[in-house]
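Asks: The structure is given below, and queries will be raised subsequently.
Nothing in this text is a laboratory measurement; each read-out follows from the coordinates by a stated rule. Bear in mind the structure is a predicted one, so any value in this text is a computation, not a measurement. As a convention, Cβ positions derive from the backbone with ideal geometry for all residues, glycine included, and neighbour counts pool all protein chains shown.
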Amino acid sequence: MLFDTHTHLDDERFNEDRDQVIEKVYASGVTLAVNIGADMASSKESVALSEKYDFIYAAVGVHPHEVETLTEADMETLKQLAALEKVVAIGEIGLDYYYDNAPRELQKKWFLRQLELARELDLPYIIHDRDAHADTMEMIKRVGYHRGVLHCYSGSAEMARELLDMGFYISFAGPLTFKNGKRAREVAEIVPMERLLIETDSPYLTPEPHRGERNDSSLVRFVCEKLAEIKGISVEEAARITYENGKQFFGIQ
Ligand code: NI
């Protein structure tokens, strides 16, 4: 059994065959998944998927690319969605200084606001940090509530150690399997097994040997296999531990 802790099955790339894909995912042994919100619409779609499928849970939140039009009324809406039974986290939220699709000051403002929302609701949160490591750390420290995961981790080993000390989880996706994923593999080596999560971030970041194809949650097993190899444990053991970690992190019974 596998747990894909970060997927976007609501993405338009699944519009033609979403139900079949989701059935395939479940049949492949992925018996838990969290569908992640990236804007207000996809947060609502995440909730809808969680209501339709027993094994899918939802996170609601707004990605740094999408913050420019956010309002306090949207925060109220997120709060209402977050009260639903199968909504288990706020996310994905964070900073993206690689694409810079929204002004950095606005990214920071709404990242902090959503961190505060997670704190207020006593929910875990999912962080997207691309080329914004220093400011991400600053925001986390400012909010003082450290129940989060760094998704598709791309920071240094040093930053990972600091995050682990604060209680964070670290999650790895397809890049762990990439030829140029050496840095991610080095970080995975030093993160204690009980703080690791695995994910696909599908339809993005397709793992080897499927790079170039559309990603879906069934391919999380390739991330699991690579992690097992890095840790020198069996694939079954890596699957079991990351599954339990995910349940623990998201508070799923
Ligand atoms: Ni994502």
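Asks: Residue check: is residue 220 within 16 Å of the ligand (Cβ to nearest atom) and outside any helix (DSSP H, G or I)? Quick ask: steps written out before the conclusion?
Replies: Numbers: within 16 Å of the ligand (Cβ to nearest atom): yes; outside any helix (DSSP H, G or I): no.
The answer is no for residue 220.
Asks: Can you find, within segment 117-139, the residue that is surrounded by the fewest Cβ atoms within 10 Å (Cβ to Cβ) among those that are more than 15 Å from residue 96 (Cα to Cα) and either of a type in the set (Val, Ile, Thr) or in contact with a Phe, Trp or Tyr (Cβ under 8 Å, 6 or more places away or on another chain) (or both)?
Replies: Step one: list which residues in segment 117-139 are more than 15 Å from residue 96 (Cα to Cα), which gives 117-125.
This time we only want the ones that are either of a type in the set (Val, Ile, Thr) or in contact with a Phe, Trp or Tyr (Cβ under 8 Å, 6 or more places away or on another chain) (or both), so: 118-119, 124.
Values: 118: 23, 119: 16, 124: 22.
Among them, the one singled out is 119.
Asks: Got at least one residue in segment 92-106 being away from the ligand (no atom under 13 Å from the Cβ) and under 23 Å from residue 245 (Cα atoms)?
Replies: no
Asks: Next question. When segment 6-43 is examined, which residues are found to be within 23 Å of residue 170 (Cβ to Cβ), surrounded by 18 or more Cβ atoms within 10 Å (Cβ to Cβ) and without any contact (Cβ under 8 Å) to a residue 40 or more places away in the chain?
Replies: If the condition is that a residue be within 23 Å of residue 170 (Cβ to Cβ), surrounded by 18 or more Cβ atoms within 10 Å (Cβ to Cβ) and without any contact (Cβ under 8 Å) to a residue 40 or more places away in the chain, then 35 is the only one that fits.
Asks: While we're on this one: Given 66, 76, 51, which one is in a helix (DSSP H, G or I) and within 15 Å of the ligand (Cβ to nearest atom)?
Replies: Only one candidate qualifies: 66.
Asks: Right, here's the next one. For segment 111-129, which positions are without any contact (Cβ under 8 Å) to a residue 60 or more places away in the chain and within 16 Å of the ligand (Cβ to nearest atom)?
Replies: 111, 114, 127, 129
Asks: For segment 193-204, state whether one or more residues are more than 29 Å from residue 69 (Cβ to Cβ), within 15 Å of the ligand (Cβ to nearest atom), in contact (Cβ under 8 Å) with a residue 24 or more places away in the chain and not in a helix (DSSP H, G or I). Let's see the steps before the verdict.
Replies: Let us first name the residues in segment 193-204 that are more than 29 Å from residue 69 (Cβ to Cβ), namely 193-198.
Right, trim to within 15 Å of the ligand (Cβ to nearest atom) and you get 197-198.
Then drop every residue that is not in contact (Cβ under 8 Å) with a residue 24 or more places away in the chain, which leaves 197-198.
Retained after the next criterion (residues that are not in a helix (DSSP H, G or I)): 197-198.
Yes; the residues of segment 193-204 include at least one that is more than 29 Å from residue 69 (Cβ to Cβ), within 15 Å of the ligand (Cβ to nearest atom), in contact (Cβ under 8 Å) with a residue 24 or more places away in the chain and not in a helix (DSSP H, G or I).
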